[in-house]
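Throughout, read-outs are computed from the coordinates displayed, never taken from laboratory work. All values derive from a computational prediction rather than experimental measurement. Cβ placement follows ideal geometry from the backbone for every residue including glycine, while neighbour counts extend to all protein chains displayed.
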Amino acid sequence: LKDGLSVVARDRDTNRIVGFFANKMQSYSHAGEPMYFEKLLEKYKDPIFLKYLSVKAETDRSINLFHTFNCEHYFQLINLTVLREFRSRKIAYSLSEKSIELAENMLYGIYPETMDIQHMGKVPGLIFASATSEHSARAVMKFGMSVMKQTSLTEYVEDGAPVTEKLPPNTYTKLLIKKL
């Protein structure tokens, strides 16, 4: 993501990217202004990815973290991915730890060199993640995040069918937060 806040893991031998945690600084949107995932829905065409984005957009609308936690900005852990052949090596935990550490450092004015200039000086009031797998949820919970809400993905219906039919094997989303 262009915010410059994402974290990647590389294989030491090949330098190949084997995992990443896409992260984003979210800032308050004024009434009527679309939120981040709503904007993304306009850019992508892949039907399965659009289903995933529609769930994320609906989640954002349903909880409105800015009002719930009275904050102007929050750090969002968007998507944790590790290549199948590199799983069970604690890579997800390392990516989670580094992502959360990055957000916490911003409280002290420590910003990564890669960060987009438009976000410099912004201090997140919390860290937020929406995990659709148990492993992703465990990875971020190990570093102090707690479950705010768990929602069944069968509640999200598109074209008369639950999105879980298009996004197997995920059946729920856990909304996790860590106040800063």
Check: Excluding same-chain residues fewer than 8 positions from Lys142, which lysines have a Cα within less than 17 Å of its Cα?
Finding: Lys90, Lys98, Lys174, Lys178, Lys179
Next item on the list: Based on the mean of other Cβ atoms within 10 Å per residue, sort peptides 57-70, 131-144, 109-122 so the most packed one is first.
Entry: 131-144, 57-70, 109-122
Checklist line | Label selected from (1) 18.5; (2) 17.0; (3) 17.9, the criterion being Kirkwood radius over Cα pairs in Å as computed here | finding: (2)
